[in-house]
Amino acid sequence: MPAPIRLVITLHNHQPVGNFDGVFESAYQDSYWPFLDVLEEFPHVKITLHNSGSLLEWLEVNHPEYIERLRQLAARGQIEILGGPRFEPILASIPRRDRIGQMQSYSRHLEELFGVAVRGMWMPERVWEQSFAADIADAGIEYTIVDDSHFRGAGVDPDKMFGYYLTEDEGKLIKVFPIAERLRYTIPFAAPQETIDFLRDVAEKSPGAIAAFGDDGEKFGVWPETKKHVYDNGWLRNFFALLGEHQDWIEVCTLAEAVDSTPPLGRIYLPDASYREMMEWALPTDQFIAYQNMVKEAQADTEHWDAIRQFVSAGFWRNFLVKYPESNEMYCRMREVSERLLAISDSPAAREHPHLLAAARTELYRGQCNCPYWHGAFGGLYLPHLRNAIYRHLIAADTAIEQLAGREGRWVEVAAEDYNLDARKEVRLASDRLVAYLAPARGGHLYELDIRGPRVNLLATLNRRAEPYHERVRVAAASQPHDDGAEHFLGTDDHVKLKQPGLHEKLGYDFWPRKSLVDHILTPDCTLNDLWHGEGDEGDFTTGVYHTRLQRSDDRVAAKLTRNGRAGDTSLTITKIITLDAQQGTLLDIRYELTGMEPGQSLRLGIEFNFAAMPAGADDRYFYDAHGQQLGQLGTCLDIDSTDRIGLVDEWLGIDASLDFSQPAGLWTFPIQTVSNSEGGFELVHQSVAVIPHWNVTADGNGEWSINIRMAVDTSAAQARQLAEMSAG
């Protein structure tokens, strides 16, 4: 008989904030509930279980029977309940006060719900930085679990990773378990015997070892083909039965039991890290490809690779905020809300209205859920409904903070701060009904437009950019000229599943942010198709620096942005004035003035707007013209010779956004669609719709030309729905 060994099985169940209800339900039916069915058949098998707060909220409302079942299993010691930051943020992406607050909040909730002490935590995406140790200890957590690659990066011998270590920050101790990477691949994908063989080998080398498995619970029924494999074909039942056959030397225990029954292996300080794949995904695309090629070349020399692999690491999670500016926009908005909440949390209003303060804090925490802040093998950042959910909760928190600040009636304000952490000041125009952010140092773009009523950011856009996997899409398309969306095998172990035909034809990339008030001096022959491809602009205004002056009165604020630039070989000045009036609701008055031209000089001006959060592909989401005539769904490409109005309606959201022009404009519209990786394969995703009015400008006798644009957002339908829901509630 092999030497005794302990096996810890840790599962992490998670659904993102804002995911579709049907996805929650499908995961519940395919994974979360049937897993407990099998587990209850094998009382000798114990697991450590983490359900994220966003998932648990849904379960408490929709499946209280699951909560009761967990309560019973926890009471008899077959399941240990793990805590962690409540709404599954990456700890590196939120302020320290929110790290501790989220962990403490979730521990309290779990202990009240299940009647057990919460001692350990799941580390979201296993993203680790050493300073987290003090935060975790301050939150009252004793231990956590991360990947063995973290330990390899610290120089730990591979044979000394079967147990747990002490680590500290500022003298505050916690215990950290390494997850055995091999187990992440054998469970549940290899035959059960392979796990037994691995454990036998570990037991022989390291008597008294603790082998820790930790991974997503969705591997057991949600991931493609796993429901059939794990349950229908009996993998899980066979695995648990096999563990029972070897329980004379394999003790399946919880993390708490492992801590209480064995001493630590020693003390360790871990490098900043996550699991191997995450660190690769965080690299810039060109560096990721170079890294992959380097690794493949090194792996060819097996002996050499085995010697150096533990010292090879890739990227750093925080650089997702650099790789994807849209992630940084969410991050900076979240930090701003957190700072504003901190500033008001000790105010008399906060003490007088603790429930409103708590609601604001919970909304902030929900807006910190990690999934749309990064992208790897799954949709993440590329999924608009997840980004929209982040903004929905941040806007709700921001609005609650305004209430705590005593804001009443109609009001407006303007401020300039470095809101996006680029060392340049941005402009914030705010009212009781909207918040607009302008980036003078980046083309004077309107880059965020939050509508408070329906809690929507109409500029939660996403640029099309090169991803490492795009070449696989091209190769798959070349191998199957008449692609039907089926799987394509590239080599012996690589396959590509294209969820729509012709994806390779949609691989276009953007050369400027797809925001609003993006100023184009168009070439004489520029077409809609040219701008779709990022061509046809001969000016330097698109991302150039604008100088800014702010204007304030009690009921009216404005930002005046000016740039002296060039259009081809000639110079001109563009001034745009964005005005917000307290009495005009969700409306921005925008005036463009072109000066410094030669009298009679002609050029083509295009002003790009983008509208996100309003999906395409549905009849209740459409364009309309000045006469109210529908012009097609929001994914429609329009090329209109002359119009003085264009509107966009999303009946489901209850939003009607419109642009009115003081002079008739030509108009182009086209969808911005990305080709991205997801659980089910490569897919085309609608991110926003570009709306580009354009004019043939001729300077008057003073070398000037101007246009007024009214950008209005009617949310009366959304407000009526909210009132009806409140009444029904």
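At 1.4 Å probe size, put TYR269, TYR373 in order of accessible surface, largest to smallest.
Largest to smallest exposure gives the sequence TYR269, TYR373.
Quick one: ranking TRP652, TRP281 by accessible area, 1.4 Å probe, largest first, what do you get?
Accessible-area ranking of TRP652, TRP281, largest first: TRP652, TRP281.
May I ask for the Kirkwood hydrodynamic radius of the chain, worked out over all distinct Cα pairs and given in angstroms to one decimal?
28.0 Å
Mind checking the full-extension length gain between ASP159 and GLU598? Use 0.36 nm per residue of separation minus the Cα-Cα distance, one decimal, nm.
Fully extending the segment from ASP159 to GLU598 adds 150.3 nm.
Expressed as a rounded percentage, what relative contact order does the stretch 121-258 have, with Cα pairs under 8 Å and six or more residues apart?
It rounds to 20 percent for the stretch 121-258.
For the chain, what is the charge dipole size about the Cα centre, in debye to the nearest 20, if Lys and Arg each add +1 at the Cβ and Asp and Glu each add -1 at the Cβ?
1340 debye
How large is ³J(HN,Hα) for each residue in the stretch 387-394, as worked out from phi by the Karplus curve 6.51 cos²θ - 1.76 cosθ + 1.60 (θ = phi - 60°), to whole Hz, x for Gly and Pro?
Those phi angles translate into 5, 4, 5, 4, 5, 4, 6, 5 Hz.
Calculate the translational D of the stretch 375-418 in whole µm² s⁻¹ from Stokes-Einstein, where the hydrodynamic radius comes from the Kirkwood formula applied to all Cα pairs, the temperature is 37 °C and the viscosity 0.692 mPa s.
Approximately 249 µm²/s, per Stokes-Einstein.
Here is the link list: LYS205/LYS296; LYS219/LYS323; LYS46/LYS497; LYS228/LYS499; LYS175/LYS205; LYS323/LYS506. Which ones come out longer than 32 Å on Cα distance?
Too far apart for the 32 Å limit: LYS46/LYS497.
Post the alpha-carbon centroid distance, the stretch 58-104 to the stretch 592-655, in whole angstrom.
45 Å
Any chance you could run the full-extension gain for ASP644 through ASN238? It's 0.36 nm times the residue separation minus the Cα-Cα distance, nm to one decimal.
Separation in residues times 0.36 nm, less the Cα-Cα distance, equals 139.3 nm.
For the stretch 529-651, what number results from the quotient of the Cα radius of gyration and 2.2 N^0.38 Å?
So the stretch 529-651 has a normalised radius of gyration of 1.28.
When only Cα pairs under 8 Å and 6 or more residues apart are kept, what is the percent relative contact order across the chain?
This gives 10 percent for the chain.
Under a straight-distance cross-link criterion of Cα-Cα below 13 Å, which aspartates and glutamates are reachable from LYS515, leaving out those fewer than 8 residues away in the same chain?
Candidates past the 8-residue exclusion: GLU326, GLU329, GLU448, GLU608.
Helix 192-205 versus the longest principal axis of the chain: what angle, 0 to 90°, nearest 10, using Cα atoms?
With both axes taken from Cα atoms, the answer is about 70 degrees.
Quote the accessible area belonging to HIS63 in square angstrom, nearest 10, computed with a 1.4 Å probe and with ligands, DNA and RNA left uncounted.
20 Å²
Can you bin the stretch 221-315 into rounded, prolate or oblate? Criterion: square roots of the alpha carbon gyration tensor eigenvalues sorted a ≥ b ≥ c, rounded for a/c under 1.5, prolate for a/b above b/c, oblate for the rest.
Judged from the Cα gyration tensor, the stretch 221-315 comes out oblate (a/c at least 1.5, b/c at or above a/b).
What percentage of the solvent-accessible surface of the chain, computed with a 1.4 Å probe over protein heavy atoms, is contributed by carbon and sulfur atoms?
49 percent
Enter the accessible area per residue of the stretch 506-611 (Å², integer; probe 1.4 Å; all protein chains in place).
40 Å²
Just how large is the dipole of the stretch 246-326 about the Cα centre, in debye to the nearest 20, putting +1 at every Lys and Arg Cβ and -1 at every Asp and Glu Cβ?
Taking the Cα centre of the stretch 246-326 as origin, the dipole is about 380 debye.
Might you report the magnitude of the Cβ-based charge dipole of the stretch 30-151 about its Cα centre, with Lys and Arg at +1 and Asp and Glu at -1, to the nearest 20 debye?
Taking the Cα centre of the stretch 30-151 as origin, the dipole is about 360 debye.
Taking the 0 to 90 degree range and rounding to the nearest ten, how far is the long axis of helix 53-62 tilted relative to the main principal axis of the chain, both from C-alpha atoms?
Once rounded, the angle reads 90 degrees.
Provide the FRET efficiency to the nearest 0.05 for the GLN299-SER571 pair, computing r from the beta carbons and using R0 = 51 Å.
The formula returns an efficiency of 0.35 here.
What nm value, rounded to one decimal, do you get for the distance between LYS506 and ASP525 when each label is placed 7 Å out toward the C-beta?
Rounded to a tenth, the inter-label distance reads 3.0 nm.
Just tell me which aspartates and glutamates come within less than 17 Å, Cα to Cα, of LYS172; anything on the same chain fewer than 8 places away is out.
Correct list for LYS172: GLU129, ASP135, ASP138, GLU142.
Tell me the label-point distance for the pair ASN696, LEU173, using the 7 Å Cα-to-Cβ offset, in nm and rounded to one decimal.
Each label point is offset 7 Å from its Cα along the Cβ direction, giving 8.1 nm.
The values are calculated or read from the model by the stated rules, or taken from the named source; none is laboratory data. As the structure is a prediction and not an experimental result, all values here were calculated from the model. Quick reminder, even Gly has a Cβ in these numbers, built from the backbone with ideal geometry, and neighbours come from all protein chains shown. Protein only, heavy atoms only, side chains kept; ligands, DNA and RNA dropped before computing areas. Shrake-Rupley method; radii C 1.70, N 1.55, O 1.52, S 1.80 Å.
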